[in-house]
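Handing you this structure, nothing more for now.
The values are calculated or read from the model by the stated rules, or taken from the named source; none is laboratory data. Bear in mind that the values here come from a model prediction, so they are computed numbers and not experimental data. Positions of Cβ are backbone-derived with ideal geometry, glycine not excepted, and every protein chain shown enters the neighbour counts. Side chains are part of the model used for accessible areas, which takes the heavy atoms of the whole protein and leaves out ligands, DNA and RNA. Shrake-Rupley method; radii C 1.70, N 1.55, O 1.52, S 1.80 Å.
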Amino acid sequence: VKRLFGKSAAWWSAMFAYLAPAFWYYSNKGMMPNVAFMVFFIIALYFFLLALDKNALNRYLWFGFFLGLSLIIRTSEIVWLGPLFLVITLLNTKQANWRYLICSLTIIILVFTPVLYFNQQIYNSPLSVGYAFDALLAGQSSLQQGLSVLKQVFLPFGVNSQTALINFYRYTFVLFPLWSILTAVSFVASIVLFFVQKKRQLLAYSGLFLLGSAYLIIYYGSWMFNDNPDPGAVTIGTSYVRYWLPIYLFSLPYLGWLISTGLKKFTIARPAFGFLIFTCLFFVTYPTVMLGTQEGIYQVGKNLREYQQLAQAVFAKTETNSIIIAGRMDKVFFPVRRVIFKLNNGSDYDRIKELIVGGYPVYYFDFFLKPEDLVYLNSQTYGAHGLKLEDELLKFGKQSLYKIEISH
């Protein structure tokens, strides 16, 4: 940002990044990949711009190294990262060193090699991944699998512009109203000034920002899903927020530039105005990120402590070699207990019977079952496969633990 917008704009952008709700929130979730991906991507972009300016091999190699790390973390983002760096290269063909770029590509492949290796170990194919469309790849050659994957990754959810715009509106102006208004106003004002002052580099940045944002909005927004149990809830923990993290972060330079340059004549008022905006943004962001009653960081911490209590209670009631059918609670018990996410079809129930015959205690953990529901499951679902759910073994809030036995 310093190289494109100036030192003062970069300073303000960095300060606002500290407060950016999505960046702040997901920085607290260490096992989520999005912030780490963004950090390595920004470092890669920085070294790439340095490489174009200084034509130094070591800059190209560092660019390849960090881009490889970012792709290890979120490989699916290659659908826009690849075109982005290609366009930047084409816009700077005179400065680009094509031999060094080939070296960068070699580094990217070398850094990415462990992913191909572990895909082969886990899925029996270097290009196969853990998503549902793996079934489409069965029986295909590596080349055919690669082509099938390409078809799936560019627009896996199709194109539904109306749904995408509604989702984007919800997770910008509805969820972060002050942030959205300020960045929208600063973006429009900045574009006007860029045209007036004929700032080509900044216009190029804006064009790439708009194209990249439009693609991410269509790519993820066309898919309607609900992470929150309440389908109508718009909360910070919903996946749209972390998917659109690049949009949130790369819009900040406009606000930083407007404060530092657009208000340049107001020497005294400028820092005061910037501090006022920073303070207001803090007071509207802190409750959303930290105090949210559903998905705020403090609530997440409280939930984790409750999960730990639940896990200890379940471990006390189950054997060390037991297996728990746990649904979405699988992560609470794993790896201390082996888990099965859920049973999908009749053959799954038959395999459960085989496990019990083989000496493995098997349990079912889910929401509390009323007596009539327990009778129904034992007479239909489980009973049809020679199994039955015993009476409730442990109750924890609205959830209960049941042991599965072979019916006689």
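Anything in region 370-382 that is open to solvent by 30 Å² or more (accessible area, probe 1.4 Å) and either part of a loop (DSSP other than H, G, I, E, B) or touching a Ser or Thr at 6+ places or on another chain (Cβ under 7 Å) (or both)? List them, or say none. Don't jump to the end; show me each part of the working.
Initially, region 370-382 is screened for residues open to solvent by 30 Å² or more (accessible area, probe 1.4 Å), giving 370-373, 375-381.
Those that are open to solvent by 30 Å² or more (accessible area, probe 1.4 Å) and either part of a loop (DSSP other than H, G, I, E, B) or touching a Ser or Thr at 6+ places or on another chain (Cβ under 7 Å) (or both): LYS370, GLN380, THR381.
Against the definition (modelled with pLDDT under 95 and open to solvent by less than 70 Å² (accessible area, probe 1.4 Å)), how does ARG270 come out, yes or no?
Numbers: modelled with pLDDT under 95: yes; open to solvent by less than 70 Å² (accessible area, probe 1.4 Å): yes.
When the stated conditions are applied, ARG270 passes them.
Then there is this: If GLY359 meets every condition in (1) open to solvent by 60 Å² or more (accessible area, probe 1.4 Å); (2) part of a loop (DSSP other than H, G, I, E, B); (3) of a type in the set (Gly, Ala, Ser) apart from one, which number is that one?
Exception for GLY359: condition (1).
Let me ask you something else. Output the residue which, of all residues in region 216-232 that are outside any helix (DSSP H, G or I) and among the aromatic types (Phe, Trp, Tyr), is most open to solvent (accessible area, probe 1.4 Å). Step through it out loud before you land on a result.
First pass over region 216-232, keeping only residues outside any helix (DSSP H, G or I): 222-232.
Still in the running and among the aromatic types (Phe, Trp, Tyr): 223, 225.
Details: TRP223: 96, PHE225: 27 Å².
Here the residue is TRP223.
Something else about it: Just one of (1) within 30 Å of GLN308 (Cβ to Cβ); (2) under 38 Å from the mean Cα position of the chain (by Cα); (3) surrounded by 12 or more Cβ atoms within 10 Å (Cβ to Cβ) trips up ASN344, so point out which.
Every condition holds for ASN344 apart from (3).
Do we find that GLY292 is under 25 Å from the mean Cα position of the chain (by Cα) and either open to solvent by 30 Å² or more (accessible area, probe 1.4 Å) or closer than 27 Å to SER239 by Cβ (or both) in this structure? Full working, then the answer.
On the way: under 25 Å from the mean Cα position of the chain (by Cα): yes; either open to solvent by 30 Å² or more (accessible area, probe 1.4 Å) or closer than 27 Å to SER239 by Cβ (or both): yes.
It is true that GLY292 is under 25 Å from the mean Cα position of the chain (by Cα) and either open to solvent by 30 Å² or more (accessible area, probe 1.4 Å) or closer than 27 Å to SER239 by Cβ (or both).
Just the residues that are part of a loop (DSSP other than H, G, I, E, B), of a type in the set (A, V, I, L, M) and surrounded by fewer than 16 Cβ atoms within 10 Å (Cβ to Cβ), please, taken from region 155-186.
Narrowing region 155-186 to residues part of a loop (DSSP other than H, G, I, E, B): 155-160, 175-176.
From the residues that got through so far, the ones that are of a type in the set (A, V, I, L, M) too are 155, 159, 175.
Within region 155-186, LEU155, VAL159 meet the criteria.
Moving to a separate point now. Residues that are in contact with a Gly (Cβ under 8 Å, 6 or more places away or on another chain) and either closer than 30 Å to TYR298 by Cα or open to solvent by less than 40 Å² (accessible area, probe 1.4 Å) (or both): does region 60-68 have at least one?
First, the residues of region 60-68 that are in contact with a Gly (Cβ under 8 Å, 6 or more places away or on another chain): none.
Looking for residues that are in contact with a Gly (Cβ under 8 Å, 6 or more places away or on another chain) and either closer than 30 Å to TYR298 by Cα or open to solvent by less than 40 Å² (accessible area, probe 1.4 Å) (or both), one finds none in region 60-68, hence no.
Here are some conditions: (1) modelled with pLDDT of 90 or more; (2) open to solvent by 30 Å² or more (accessible area, probe 1.4 Å); (3) outside any strand (DSSP E or B). ILE352 meets all but one. Which one does it not meet?
For ILE352, the failing item is (2).
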